[in-house]
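The values are calculated or read from the model by the stated rules, or taken from the named source; none is laboratory data. On a predicted model such as this, the values are computed, not experimentally measured, just so you know. Here the Cβ positions follow ideal geometry from the backbone for every residue, glycine too, while neighbour counts run over all protein chains shown.
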Amino acid sequence: MSQHIVYYDQQGIIIADDSRITKIVQGKKERAGEERKLFALGNFSCIASSGAYIGIKISGLLQEAIKERELEDFLDIYPYALDFLNDNYQEYLLENNVELMLADSHYKMLYFLIAGYSAKDDSYHVHLLESLDYRVPFQEVALGNILTMPRMLGLEMKLFRFSREQRLDLEEIEKNIRESLKEIAKINDDIGPPFYSALITRRGMKIEKF
């Protein structure tokens, strides 16, 4: 399981998530360790995954591919990433077909969250891609400027107030999100440290562990 928190406005984008890995053993969810799920794609974009564990591996491979091709603008990165994710997930499914057919439903879902800034149109972009029951290609899910996965309605309302009132700068909102993620982890053992957050603005991207 993963906990993703996304917020963006005219100042930029914030993405925060945890590192807890879980597995299903005899129908029960168990802790399986920690691993980073948030990856930089150049200097202005990033990707995070949730659901099936293979998403972490594919995200890392995409990071290397973007680096090799020296892609920076989100409008160049996104179409390349979309093809890359579809192709690599399809390849994984074909190679592991028999095992996957017997897997728990927990492993049949995969989500990718891709966000970044484009200097070409001076805009911020956030896309959520979804695959259910091993379906390829990924389907894009419509988003607003606030997202929590799984849903945390209280936190969403707080972030909505920040967006509406426009009293806080992006760094202050990021600090609030970080504290909220730590509090969520205290009551949900499926979510745990280390935590990571990405702050994307026109000046670039900063990813920090906290």
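Per-structure values
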item: Scan of the stretch 130-157 for residues that are touching a strand residue (DSSP E or B) at 6+ places or on another chain (Cβ under 7 Å) and either assigned to a loop (DSSP other than H, G, I, E, B) or closer than 30 Å to ASN96 by Cα (or both), ordered by number; result: GLU130, SER131, LEU132, PHE138, GLN139, GLU140, VAL141, LEU143, ASN145, MET149
item: Residue match in the stretch 158-178 (condition: aromatic (Phe, Trp, Tyr), under 18 Å from the mean Cα position of the chain (by Cα) and at pLDDT 95 or above); result: no
item: Checklist (1) loosely packed, with under 14 Cβ neighbours inside 10 Å; (2) touching a helix residue (DSSP H, G or I) at 6+ places or on another chain (Cβ under 7 Å) applied to GLU208, failing item; result: (2)
item: Residues within the stretch 158-210 that are without any contact (Cβ under 8 Å) to a residue 24 or more places away in the chain, closer than 19 Å to PHE44 by Cβ and either among the hydrophobic types (A, V, I, L, M, F, W, C) or part of a loop (DSSP other than H, G, I, E, B) (or both), tallied; result: 1
item: The stretch 132-154 residues that are within 16 Å of LEU110 (Cα to Cα), paired with ones that are outside any helix (DSSP H, G or I) and acidic (Asp, Glu) (beta carbon under 6 Å, 6 or more apart); result: GLN139/GLU130; VAL141/GLU130
item: Residue list for the stretch 4-22, filter: in a loop (DSSP other than H, G, I, E, B) and surrounded by 23 or more Cβ atoms within 10 Å (Cβ to Cβ); result: ASP18
item: Which listed residue, of ALA81, ALA119, ALA65, ALA115, is in contact with a Cys (Cβ under 7 Å, 6 or more places away or on another chain) and either within 27 Å of ILE207 (Cβ to Cβ) or at pLDDT 95 or above (or both); result: ALA115
item: Verdict on TYR89 being assigned to a strand (DSSP E or B) and modelled with pLDDT of 95 or more; result: no
item: Subset of the stretch 66-83 that is surrounded by fewer than 16 Cβ atoms within 10 Å (Cβ to Cβ) and touching a helix residue (DSSP H, G or I) at 6+ places or on another chain (Cβ under 8 Å) - its residue that is farthest from TYR111 (Cα to Cα); result: ARG69
item: Verdict on ILE47 being closer than 21 Å to LYS108 by Cα, surrounded by 17 or more Cβ atoms within 10 Å (Cβ to Cβ), of a type in the set (A, V, I, L, M) and modelled with pLDDT of 95 or more; result: yes
item: Verdict on TYR124 being farther than 25 Å from ILE191 by Cα and in contact with an Asp or Glu (Cβ under 9 Å, 6 or more places away or on another chain); result: yes
item: Positions within the stretch 100-136 being over 16 Å from SER49 (Cβ atoms), surrounded by fewer than 18 Cβ atoms within 10 Å (Cβ to Cβ) and not basic (Lys, Arg), in sequence order; result: LEU100, MET101, LEU102, ALA103, ASP104, SER105, ALA119, ASP121, ASP122, SER123, ASP133
